[in-house]
Amino acid sequence: MLKKSVNRSGWCLLVLALSACTLFKQPAAPTETGSSDVTTGTAATTADNPYGAAPYTPPANTAPAYIPAAGTSTGYVGNYSPVDINAATHTVQRGDTVYNISKRYQITQDNLRSWNNIIENEIKVGQVLRVKPAGYVAPAGNTTTTTTVTAPVQTPKTTTTTSTTTTATTTSTGKTGSTGGVRSVSGVEWQRPTSGNILQGYGGSSKGIDYGGNAGQPILAAASGKVVYAGNGLRGYGNLIIVQHNQTYLTAYGNNQNILVKEGQQVKRGQQIATMGNTDAKRTQLHFELRENGQPQDPNRFLPM
């Protein structure tokens, strides 16, 4: 009887324990749909990571690097040919600009523009510009020039009157010589600067005449005037002399062996100013130029034949 009571009590306790478990059982955790990262255990949904499971890496820049186009040369050559700074006007040549005209005549760009009603620095070849104010009068016997030379520009021929006489020249060394006759053009009496054959005439790349001869041969002033340059600072001209004859005309004598005059010196037509040489030249010669208002002219239009 006692054994039955014990068994019965045991079953009752088991039933009560099971009932208690059922009573206090926790509801199951809700589940979520979607994939899980097996490695990290974190959710990797499309909404959370629109670029995918892997970190976003922007694409490399494949656009070609910008390379500027190569520049093209315009072939422009500025004009700094000799001028008479006391002249009242200047005829525009190829390569002239408001800047280099002002620089050569030693005036301001504003003055040049004002005196000529220049707008936006526009000037044309052949245009005559005032380089001095209205009413200007050139001082007597006081001229200087700049000396850089550039490409020639052709100009209309000058009206000339000619007369020919025989002349003998006395050089600064006491020697005498003759280069032919004398020719009067535009109020200036001209003669050949040396004797000898013409090796190269005026035109094309030549801004003057090349006379042949012997080393040490006398070089004479083609007309009376003032020496405004004597030196060798111009490439291709060697030992160079420039003589200013008036406000319009000057002559240049290049490739000399020796220079016999000084800047500022007055010389007479036919006076020896140098000896022939080959400085900056491949042969013994005189390179002779004649310029009108800074523009190269054919010396044969002025010199006696």
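The values are calculated or read from the model by the stated rules, or taken from the named source; none is laboratory data. Quantities reported herein were computed from a predicted structural model and do not represent experimental measurements. We place every Cβ from the backbone using ideal geometry, glycine too, and count neighbours over all the protein chains shown. Quick note on the areas: whole protein, heavy atoms, side chains included, nothing else; ligands and nucleic acids left out. Shrake-Rupley method; radii C 1.70, N 1.55, O 1.52, S 1.80 Å.
With all protein chains in place and a 1.4 Å probe, the accessible surface of the stretch 253-305 carries 43 percent carbon and sulfur. Between ASN255, GLY216, LEU303, the Cα set farthest toward the positive side of the dipole of the stretch 208-303 (charges on each charged residue's Cβ, about the Cα centre) is that of GLY216.
Annotation: amide H of GLN295 has no partner in the under-5 Å range at sequence separation 5 or more or interchain, hydrogens built in the peptide plane. Extending 7 Å from the Cα toward the beta-carbon at both ASN278 and VAL128 defines two label points whose distance is 4.5 nm. Rolling a 1.4 Å probe across the protein heavy atoms gives the stretch 252-305 an accessible surface of 40 Å² per residue.
The phi torsions of the stretch 231-243, fed into the Karplus equation with coefficients 6.51, -1.76 and 1.60 and a -60° offset, translate into couplings of x, 9, x, 10, 4, x, 9, x, 6, 10, 10, 10, 10 Hz, rounded to whole numbers, with Gly and Pro shown as x. For the stretch 103-138, state which trypsin sites (Lys or Arg not before Pro) are in a DSSP loop and have at most 15 other beta carbons lying within 10 Å of their beta carbon. Those satisfying the criteria are LYS124.
Label-to-label distance, SER206 versus TYR99, with points set 7 angstrom from Cα along the beta-carbon direction: 3.4 nm. Mean separation of Cα pairs under 8 Å and 6 or more residues apart, divided by the residue count, gives the stretch 235-304 a relative contact order of 33 percent.
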